[in-house]
C-alpha cells in the first residue's frame, strides 16, 4: 500500500474498502460501514443483509412515525423470509436522544437478538448506535429521511445531563434507504438535510483556522471529501424542493459522505462548527426552560446564515494587539459564569467544569493564540475567502426549499441570538469563530451585527 493515497474523489462505494486508506496526514482512514444500499424497493434486501452480517434474529428499534413509514415493510419482508425478530416502538410522541431513551431501549432489548436494525433518521439512529455499542451487537439503519449526517458516523449526538454532547458509539455496518420512502419524508426533514449540509461550509473553514491557530489535527483529503459532498447537495437544492428522487439521493449521499468523513477523522470537526453550537445552545435552553426549538438541521441552517453574516464582517477587522489584550484583561470569569447559569440554567455547570479543564480564558494562553492570529491574519482571511460563500448564497439555497433563514422564524429574539454567540464558545473544546472573536476582543462587534 502506498504511503499516501488519494481517496477524496472516490465513489461512495469505493470508500468502503476493508483495508482503508493510508493518508499523508499521518492517519489511516477506515470506515466500519460495509454496505450502502440506496434505491427504489431496496428494503426487500434486508433479509439478505441480516444474514450476510451474521444475524439470525434482529431487534427492531423505531418510533411510531418511523415504524409507520418503513417499519411495517421491514416486518413484512422479515416474516416473508421466515426470519424471527423482536421489536420496540417508542410510545412517546417527542422522542429525545437522552439517558431515558437509551434506558428504554436497553430495558426492552431482547438479548436473544444478534443484530439491531434502527428504523428512522437522527434520533432513532443515535439511540440505535448507542444500544449497539452497549449490547455488542452489529447495527443496521433503515433511513426514513435525508435529514442529518449521522448515518455513517461512529458517534451519537446525545443529551447528557442537559447538554448536547457527541459520544462514541457503534457505527452502522449497513445503511439502507428506499428512495420511495425518504422522498416522501416531511418537507421539514428535507429542509433539515440541506441545512445540515450547508453547515459544512463553516465546519471546514473553522477546522482550517483552528489548525492554523491551535495546531489542531487537520486532513485536506477529508476536507476535500466534505467539499465534494456539499457541492453535490447544493446542485440538488431545486430538485429537493419538488422531491425529485435523484436529488434526494444526492443529498442523502452527501450526508452519508459527511458522516464517513467524521469517522475517517475520528472527530466531528469535519462536519460541525459554530452553527452547530448555536443549535446545541437552543436545544439546551429548550430542555431547561421549555423554550422554542426545532429540528437540528433547521436550526443549523439558520446558524450557518448567522455565521456567514459574522464572517462577512470579520474580513473588515484590523486586529489590534492592544485592544485584544485590554479585553482579555477586563474579562471577569466569575461574572461570565453567572451569565451562563442564568442563560442556560443547570446545564451551565458542565460548561464551567469544561473550562476549568480547558483554560481558554487563561491570559498566558490567550497571549500565545493572539500572537499566532496576528502573524497569520492574512492566512486567516485567505481561508475565509476560499471556503465560504456569501450570506446571500446560503439564504437563496434555503429559500429554494422553503426552509427558515432567520432566528425570528423560530421565535428567537436578537438578544437571545447575541447571548447564544457568547455561550457557544463554551459548548465544545473546539476553536470556532466565537473564540476567535473573543481572542481579538471583537465579540461586541459581532453582537452589534446580530442585533
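The values are calculated or read from the model by the stated rules, or taken from the named source; none is laboratory data. Since this is a predicted model, take the numbers as computed values, not measurements. As a convention, Cβ positions derive from the backbone with ideal geometry for all residues, glycine included, and neighbour counts pool all protein chains shown.
Would you mind stating whether residue 418 is in the same structural domain as residue 279 (by TED's automatic domain parsing) and assigned to a loop (DSSP other than H, G, I, E, B)?
Numbers: in the same structural domain as residue 279 (by TED's automatic domain parsing): yes; assigned to a loop (DSSP other than H, G, I, E, B): no.
Here the answer is no, as residue 418 does not meet what is asked.
When each of 418, 433 is tested for being buried (at least 20 other Cβ atoms within 10 Å of the Cβ) and either at pLDDT 95 or above or touching a strand residue (DSSP E or B) at 6+ places or on another chain (Cβ under 8 Å) (or both), the lone residue that passes is 433.
The number of residues in region 319-347 being modelled with pLDDT of 95 or more and either within 23 Å of the chain's Cα centre (by Cα) or in a loop (DSSP other than H, G, I, E, B) (or both) comes to 5. For region 266-315, a tally of residues being closer than 22 Å to residue 211 by Cα, at pLDDT below 95 and not in a helix (DSSP H, G or I) returns 5. In a helix (DSSP H, G or I) and either in contact with a strand residue (DSSP E or B) (Cβ under 9 Å, 6 or more places away or on another chain) or under 28 Å from residue 284 (Cβ atoms) (or both) - does that describe any residue in region 366-376? The answer is yes, given that some residue of region 366-376 is in a helix (DSSP H, G or I) and either in contact with a strand residue (DSSP E or B) (Cβ under 9 Å, 6 or more places away or on another chain) or under 28 Å from residue 284 (Cβ atoms) (or both). One residue stands out among those in region 16-46 that are assigned to a helix (DSSP H, G or I) and touching a helix residue (DSSP H, G or I) at 6+ places or on another chain (Cβ under 6 Å): the one that is nearest to residue 171 (Cα to Cα), which is 46.
One line per residue, one yes/no per condition, for (1) buried (at least 24 other Cβ atoms within 10 Å of the Cβ); (2) touching a strand residue (DSSP E or B) at 6+ places or on another chain (Cβ under 8 Å); (3) not in a strand (DSSP E or B):
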{"position": "140", "(1), (2), (3)": "yes, yes, no"}
{"position": "149", "(1), (2), (3)": "yes, no, yes"}
{"position": "157", "(1), (2), (3)": "yes, yes, no"}
{"position": "166", "(1), (2), (3)": "no, yes, no"}
{"position": "193", "(1), (2), (3)": "yes, no, yes"}
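Taken together, the criteria place residue 72 among residues that are assigned by TED's automatic domain parsing to the domain that holds residue 35, within 29 Å of the chain's Cα centre (by Cα), surrounded by fewer than 20 Cβ atoms within 10 Å (Cβ to Cβ) and free of Cβ contacts under 8 Å to residues at least 12 places away in the same chain.
Looking at region 198-213, can you tell me whether even one residue there is modelled with pLDDT of 95 or more and not in a helix (DSSP H, G or I)? No.
For region 75-89, what are the residues that are surrounded by 14 or more Cβ atoms within 10 Å (Cβ to Cβ) and either out of contact with any helix residue (DSSP H, G or I) (no Cβ under 6 Å at 6 or more places or on another chain) or outside any helix (DSSP H, G or I) (or both)? Spell out how you get there, then give the answer.
Here is the first cut: in region 75-89, the residues surrounded by 14 or more Cβ atoms within 10 Å (Cβ to Cβ) are 75, 77-78, 83, 85-89.
Hits for region 75-89 are 75, 78, 83, 85, 86, 87, 88, 89.
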